[in-house]
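Undergrad: Before we start, here is the structure in question, set down as structure tokens.
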Amino acid sequence: MFKRITLAACALMLASAPAFAQKAEVGVTFGWVFSDGVDFGTNVVAPGGVYSRIDPKDSFGWGVDLGVFVTPQVEVGFLYNNQPSKLVVSGTKEVEVGDMTVSGYHGTFTYNTGDADAKVRGYIMGGLGATSFGQVSYTGNRGPGTIASATKFSSTWGAGVKVYGGGHVGGRFGFLFTPTYIKSDAAGYWCDPYWGCYLVGDAKYSNQFELNGGITFRF
């Protein structure tokens, strides 16, 4: 459901681009993703040890983005990212549970520096959408099992530089930071003389930080 909503929002943004939008870009990137997950909140005792965290493993990642210029500097678009990873639990020791794919789907807003025909342009980007943590198949002491996939709200933020040659193909280098909301743990009570006391949550995020490079095609 979240994927369909994100794709629909992206299509609406592209369809609403004004008539003076003359150019578009398609980028393909490859890089290395540093990933972290969340702690369990309380230690989990399982065969072989005591575990306190669950994380995607750092790994190679790739992405594709589409942007339509609505002014010479501003573009709206859609970004898809894919990280073939492994799910890891850690504590007294680290155990790889199984293969897991982390996928991102974000509608984006990008500001590019310089003129439209400049050879070098810096950019900053932000987006909203969802991150999907794929299904994990594993084999445990009690035999094989499956951890269901989960899709969570996320944002994504990036910056970098695009370098163009004489034609329609250029290079790009940058970074991407994607925090994904996972859960909130109870952190205690906060009391106010007027509103009274209520439970305060401690939000937990899974973060992906990617260093990447690739090519950009502009039309």
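Laboratory data are not the source of any read-out in this text; all were calculated from the coordinates shown. If you're wondering where the values come from, they're calculated on a predicted model, not measured in any experiment. Heads up, the Cβs are rebuilt from the backbone with ideal geometry, glycines too, and the neighbour counts pull from every protein chain shown.
Undergrad: When the Karplus curve 6.51 cos²θ - 1.76 cosθ + 1.60 is applied with θ = phi - 60°, which whole-Hz ³J(HN,Hα) does each residue of region 146-159 get, with x for Gly and Pro?
TA: My calculation for region 146-159 gives 9, 9, 5, 5, 8, 10, 10, 5, 8, 10, 9, 9, x, 7 Hz in order.
Undergrad: Under 5 Å between amide hydrogens, which residues at least 5 positions from ASP58 or on another chain qualify, with H placed 1.01 Å from N in the peptide plane?
TA: SER35
Undergrad: Follow-up. Could you rank the peptides 206-212, 48-54 by their average count of other C-beta atoms within 10 Å per residue, with the highest value first?
TA: 206-212, 48-54
Undergrad: Could I ask something else about it? Go through LYS86/LYS162; LYS57/LYS204; LYS23/LYS152; LYS57/LYS162 and tell me which ones have a Cα-Cα distance over 21 Å in this structure.
TA: Where the Cα-Cα span goes over 21 Å, the pairs concerned are LYS86/LYS162; LYS23/LYS152; LYS57/LYS162.
Undergrad: Something else: What does the extension gain come out to for THR146 and PHE217, with contour length at 0.36 nm per residue minus their alpha carbon separation? Before the final figure, lay out the partial values.
TA: On the way: separation 71, 0.36 × 71 = 25.56 nm, distance 4.01 nm.
Extending this stretch completely gives an extra 21.6 nm.
Undergrad: Karplus couplings for region 105-113 from phi (6.51 cos²θ - 1.76 cosθ + 1.60, θ = phi - 60°), rounded to Hz, Gly and Pro as x?
TA: Each residue of region 105-113 in turn: 10, 9, x, 10, 10, 10, 10, 10, 7 Hz.
Undergrad: Compute the FRET efficiency between ASP117 and TYR181 as 1/(1 + (r/R0)^6), taking r as their Cβ-Cβ distance and R0 = 41 Å, and round to the nearest 0.05.
TA: Working: r = 40 Å, r/R0 = 0.98.
Approximately 0.55, to the nearest 0.05.
Undergrad: While we're here: Provide the FRET efficiency to the nearest 0.05 for the LYS23-ASP99 pair, computing r from the beta carbons and using R0 = 30 Å.
TA: After rounding to 0.05, the efficiency reads 0.15.
Undergrad: For every other residue with a beta carbon closer than 11 angstrom to the beta carbon of ASP117, add +1 if it is Lys or Arg and -1 if Asp or Glu, then tell me the sum. Provide the component values of the computation, followed by the final result.
TA: Numbers: positive: LYS23, LYS119, ARG121, ARG218; negative: ASP115.
Around ASP117, the surrounding residues sum to +3.
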